[in-house]
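Please treat every number below as a calculation from the coordinates, not as lab data. As the structure is a prediction and not an experimental result, all values here were calculated from the model. Please note: Cβ atoms are built from the backbone with ideal geometry, for glycine as well, and neighbour counts cover all protein chains shown.
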Amino acid sequence: MTIGTFIFKNAFRNKRRAALSVVSVAVSLFLLVTLLVALRELTVPVEDVGAALRVVVRSKVSIANLLPARQRPIIERIPGIEAVSPFTWFGGKFKNEESMTFAQFAMDPKLLTTIFGEAKVPPDQLQAFLSDQRPASWARSRQTNIN
């Protein structure tokens, strides 16, 4: 009797134990591969052409803290920079519900397609978006009413 035959006979002596062993190894490998793929997808940067050329500069304290306004001309003078836009975070609320909040971001609408080149917006909708100033005027009137 060779060592291989000995291992094979003893491994399949109890069919239930052999099946459970095979299933446990298969589940373990499935979980390992799934977690490694998930980790890779979370850590590998986006390979889109626009995203590869985009650099985000933020405050070291928080995404909600603004950079000083004097930083914009300094960033614009860096060679190779095509556009600079403030990208302001503010919390949004869903239909007057205090407990349900989500992130909202504001930026210069004229620079939307320049900075986010992968954003596909039909030209007529983009012009309608750029010409509509109601949200900005509504926010200003709301701000004056609060103060």
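Here are a few things to note about the model shown:
- FRET efficiency for L31 and I3, using Cβ-Cβ distance with R0 set to 25 Å, rounded to 0.05: 0.20
- Straightening the chain between R40 and L66 buys 6.3 nm, computed as 0.36 nm per residue apart minus the Cα-Cα spacing.
- Those lysines that a straight Cα-Cα span of less than 30 Å connects to K95, excepting residues fewer than 8 apart in one chain: K110, K120
- Overall dimensions of segment 3-43, expressed as equivalent-ellipsoid semi-axes from the Cα gyration tensor (√(5λ), whole Å, largest first), are 33, 11, 4.
- Normalised by the number of residues in segment 1-133, the mean separation of alpha-carbon contacts (under 8 Å, six or more apart) gives a relative contact order of 15 percent.
- For segment 49-118, alpha-carbon Rg over 2.2 N^0.38 Å: 1.31
- Whole-angstrom gap from segment 97-120 to segment 7-36, using each part's C-alpha centre: 49
- The modelled label-to-label distance between V121 and V57, using points 7 Å beyond Cα along the C-beta direction, is 2.4 nm.
- Computed over segment 49-118: relative contact order in percent, which uses C-alpha pairs under 8 Å that are six or more apart: 29
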